[in-house]
Amino acid sequence: MLEVGEDEPAAPRRKKLEVGEDELARYPFLDEAGDYMKDTGFSLEDLAADPAFGRVRDMALARIEAAAEGRVFMKGAPDELPVEIYSFLLAVVMLKISSRRAMYGRFALAEARRAERFLESDLRRDTRASMGDATRGVVARIMHDLFEVDIERDGDDITMPVPSYLLHSTGFHEREWKLVNRRVSGGMVRLTPREAVRLLRSAVASYISSRITSARTPPSVPGLEKYVSRITELAAAFEPAASYTGEYPPCIKHAIGVLEKGENLPHSGRFMLGTYLLNAGKSIEEIAPLFKGAPDYNENTTLYQLRSLKEGAGGSGYSCPSCDKLRTQDLCHETAECAGISHPGQFGRGR
Amino acid sequence: MSAILGSLLKRYYFERLADIRAPARAPEREFGYFRPGSGMVRHISVRDDAGLRLLLSQNAPPDVYCSNAYYAFPELPMREKEWRGADLIFDVDAKDLALPCRAEHAVRVCECSRVHARAECPHCGSQKSQARSLPCKKCIKAAWDEVEKLLKILEEDLGITGAIAYFSGNEGFHVHVEDPGTYKLGSKERLEIADYVSFRGAIPELVGLPRNAEKKKPAKPAEPDNPGWPGRYARHALASKAARSRAKKEAESGGYQLAQARLAEAAPVIGARIDPGVTTDVHRIFRLAGTVNGKSGLSKIPWEGEGDPYEAAALLGGDPREVVAECPVRFALGGSRFGPFEHGRVRVPAYAAAYMICKGLASDPA
Ligand SMILES: [Zn+2]
Ligand SMILES: [Zn+2]
């Protein structure tokens, strides 16, 4: 039986949304999609091997291939709704079986961008965006239930409380997203529907990513072998090249590990890793491939950011933050070997 | 510590004990105080008013602090406390405003402990000294103006109405916000709020000035009645017809850079000049309201802008004390004027004696 449910309780179980089949086709990452599948009575074995579901399997792989190419999966004509839903669920299963974490993040981001298009048009259309309305639309419900953002509609715009905005906006580096550059009044931030859904992209992506990580799947499923090996091929392009090992402090090792798993390393973590390695004498070209595993990896951006770390702070380059600072950022993973040091750069010295 | 100061603190915490209240959610906060001779005592947990009063009456400390953060285990070392949230705090310090009058009310305390107002000590020739700033009405008024700007922005834009301002007891104000919407915010989010209230990082698009020549979008400057920053900026820089057309022309000819520079110039005028480092620190301990500030002997008290905080916060008593003082600058405190004092014994009200002792300008008579 296919269950794309939480195995490890990633988030507290929420009350189910009332979601129609067409809405599930647009937002197949909702856990209601798993219930939908259960209700239809098909099993994972059916999807994996039954000739009737060949199109579902192909579409599942197409979704993953699109993600690997950095594209958003869109077909000319919408398929039958169940195929749209099943293919997402099956893609999640294939990815989980492949255990190629570098692909999880890519897939999650691509699917988040896909959902974004629907979210935006639903948000534009939906006059029931307002939170207070018991029959509020699916987007408002997704935002509330999944991301704790309560949106209101005001004319063509969407408003949300300042704290909700900030919890999602600080991931952006562009100045347009700074609160000071937003229309803010009475405690609410005003956004266009496009901005509102863009704001949530990485939250949707991490939600989808957590659906893969927590999916309960058998170690292998007859019929999916060739799909899984295709994923392994695709993933090779994103797995970090030779990783540095040896005398790195545990905070740095941990950060490298996060990237190797294809998980997101926060900006502060990237800053730490970049400054540490630069100060350890590594070149930008040596460091950049480490970031390949990041779900949002882009070579030019990475090189640019490393260059600014190297040349910033008035030309001398930024130094790596102290242990105290890293502790406050939850980046410290202290071990006994860290005794007596106050800066990652001191690790392993004098011994 | 000075015996005079010690006895005044004991009296203060004895007489005013009943007025001192533990802050909201006290059991979740970290308390700390300064113990003369041994330094800071931190990671203390206080359960309620009675617990706080016991701590104060037993120790009569020169400085008492309390975290803005709430923890699961406030008494454990920092790494094990388990952060649960924090009040939002703003700090306005007259020092950061750097008014030209500062030189007139500053003195220097030499390493030989004598006091002067020059680069080099006239008594021992040393150049090593610490600057001490004395009360100045202009400076504290300017700091309060920043607080008023801040409170208005918090209320109008951010919807925060329950902010409470305190005179810090020295040269500035603290603004505390206990708000269920903001207490979970981390440092990065708080930096955004700090930048918001100080109008830092604003880009020309915000006020309708064109991005650059390529975009060819005509300038459409913000209107004075727009909500938030666009309106506030328009009222400041685009209020008249002439100013608007000048800004438009300037933005088109000077381009993005110039428009950006104009916004940066406006920031300290229309933004609130706060210390962003304080707002973003979610683990800091702050001086507790109602307690004495060991840098001045004045109390940290709630402040709403009426009157003179240097009068209202001088609460260590008006009965005279004799101290050996040296203070080349006149200062006003507790509604009276003091100094200048040549090196020697003077009899002054207890609060003024404490003030000079805290500033290093006086000591107990031998
Ligand atoms: Zn001297
Ligand atoms: Zn002054």
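The values are calculated or read from the model by the stated rules, or taken from the named source; none is laboratory data. All figures in this text were calculated on a predicted structure; none of them were measured in a lab. For neighbour counting, all protein chains shown are included, and Cβ atoms are generated from backbone atoms with ideal geometry for every residue, glycine included. For the accessible areas, the whole protein counts, side chains as well, though only heavy atoms, and no ligand, DNA or RNA atoms are used. Shrake-Rupley method; radii C 1.70, N 1.55, O 1.52, S 1.80 Å.
Assess whether residue B:128 counts as being among the basic types (Lys, Arg), within 14 Å of chain A (Cβ to nearest Cβ) and either under 18 Å from residue B:278 (Cβ atoms) or in contact (Cβ under 8 Å) with a residue 12 or more places away in the chain (or both). Considered against the rule, which asks whether it is among the basic types (Lys, Arg), within 14 Å of chain A (Cβ to nearest Cβ) and either under 18 Å from residue B:278 (Cβ atoms) or in contact (Cβ under 8 Å) with a residue 12 or more places away in the chain (or both), residue B:128 comes out as no.
Just for the range B:94-126: of the residues that are in a loop (DSSP other than H, G, I, E, B) and closer than 20 Å to residue B:139 by Cβ, which one is nearest to ligand 1 (Cβ to nearest atom)? So, considering only residues that are in a loop (DSSP other than H, G, I, E, B) and closer than 20 Å to residue B:139 by Cβ, the one nearest to ligand 1 (Cβ to nearest atom) is B:117. Checked against the criteria, residue B:34 counts as open to solvent by 50 Å² or more (accessible area, probe 1.4 Å), closer than 22 Å to residue B:5 by Cβ and either at pLDDT 95 or above or within 16 Å of ligand 1 (Cβ to nearest atom) (or both). Can you tell me which residues in the range B:269-285 are closer than 30 Å to residue A:328 by Cα and assigned to a helix (DSSP H, G or I)? Result: B:276, B:277, B:278, B:279, B:280. For the range B:196-212, taking the residues that are within 8 Å of chain A (Cβ to nearest Cβ) and either open to solvent by 20 Å² or more (accessible area, probe 1.4 Å) or of a type in the set (A, V, I, L, M) (or both), the one that is farthest from residue B:295 (Cα to Cα) is identified as B:205. If you check residue A:184 against the conditions, is it aliphatic (A, V, I, L, M), touching a Gly at 6+ places or on another chain (Cβ under 6 Å) and either modelled with pLDDT of 90 or more or surrounded by fewer than 16 Cβ atoms within 10 Å (Cβ to Cβ) (or both)? Yes, satisfied.
Screening the range B:71-86 for residues that are open to solvent by 50 Å² or more (accessible area, probe 1.4 Å) and charged (D, E, K, R) and picking the one that is nearest to residue B:343 (Cα to Cα) gives B:75. As a summary of the residue check, residue B:134 satisfies the conditions (1) open to solvent by less than 20 Å² (accessible area, probe 1.4 Å); (2) without any contact (Cβ under 8 Å) to a residue 60 or more places away in the chain except for the one numbered (2). All conditions but one from (1) of a type in the set (Gly, Ala, Ser); (2) touching a Phe, Trp or Tyr at 6+ places or on another chain (Cβ under 6 Å); (3) within 14 Å of chain A (Cβ to nearest Cβ) apply to residue B:187; the one that does not is (2).
Yes or no, residue by residue, for (1) within 16 Å of ligand 1 (Cβ to nearest atom); (2) modelled with pLDDT under 95; (3) outside any loop (DSSP other than H, G, I, E, B):
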{"residue": "B:130", "(1), (2), (3)": "yes, yes, yes"}
{"residue": "B:135", "(1), (2), (3)": "no, yes, no"}
{"residue": "B:138", "(1), (2), (3)": "no, no, yes"}
{"residue": "B:141", "(1), (2), (3)": "no, no, yes"}
{"residue": "B:148", "(1), (2), (3)": "no, no, yes"}
{"residue": "B:154", "(1), (2), (3)": "no, no, yes"}
{"residue": "B:161", "(1), (2), (3)": "no, yes, no"}
{"residue": "B:169", "(1), (2), (3)": "no, no, no"}
{"residue": "B:180", "(1), (2), (3)": "no, yes, no"}
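List pairs: first in the range B:30-45 and closer than 16 Å to residue B:56 by Cβ and without any contact (Cβ under 8 Å) to a residue 60 or more places away in the chain, second among the β-branched types (Val, Ile, Thr) and open to solvent by less than 70 Å² (accessible area, probe 1.4 Å), Cβ under 8 Å, 6+ apart or cross-chain? Here the result reads B:33/B:41; B:33/B:44; B:33/B:64; B:35/B:41, each pair linking the range B:30-45 to a residue that is among the β-branched types (Val, Ile, Thr) and open to solvent by less than 70 Å² (accessible area, probe 1.4 Å). Applying the condition of being open to solvent by less than 50 Å² (accessible area, probe 1.4 Å) and more than 18 Å from residue B:341 (Cβ to Cβ) to the range B:100-128 and asking which residue is nearest to ligand 2 (Cβ to nearest atom) yields B:101. Take the residues of the range B:139-186 that are among the hydroxyl-bearing types (Ser, Thr, Tyr) and buried (at least 18 other Cβ atoms within 10 Å of the Cβ): which is farthest from ligand 2 (Cβ to nearest atom)? Of everything passing the filter in the range B:139-186, B:183 is farthest from ligand 2 (Cβ to nearest atom). Take the conditions within 16 Å of ligand 2 (Cβ to nearest atom), assigned by TED's automatic domain parsing to the domain that holds residue B:294 and open to solvent by less than 30 Å² (accessible area, probe 1.4 Å) and apply them to residue B:89. Does it pass? It is false that residue B:89 is within 16 Å of ligand 2 (Cβ to nearest atom), assigned by TED's automatic domain parsing to the domain that holds residue B:294 and open to solvent by less than 30 Å² (accessible area, probe 1.4 Å). For the range B:251-273, the criterion of being of a type in the set (D, E, K, R) and modelled with pLDDT under 95 is met by at least one residue. Selection of the range B:226-255 for residues being away from chain A (no Cβ under 12 Å), part of a helix (DSSP H, G or I) and in contact (Cβ under 8 Å) with a residue 24 or more places away in the chain yields B:234, B:236, B:237, B:247, B:248, B:251, B:252, B:255. Residues in the range A:177-207 that are in a helix (DSSP H, G or I) and facing chain B (nearest Cβ under 7 Å): A:179, A:180, A:181.
Just name the residue that is farthest from residue B:310 (Cα to Cα) out of those in the range B:151-189 that are in contact with a strand residue (DSSP E or B) (Cβ under 9 Å, 6 or more places away or on another chain) and of a type in the set (Asp, Glu). Filtering first and then ranking leaves B:157.
Counted as qualifying within the range B:318-366 are the strands (runs of 3 or more DSSP E) with 2 or more residues that are at pLDDT 95 or above, in contact with a helix residue (DSSP H, G or I) (Cβ under 6 Å, 6 or more places away or on another chain) and surrounded by 13 or more Cβ atoms within 10 Å (Cβ to Cβ), namely B:320-327.
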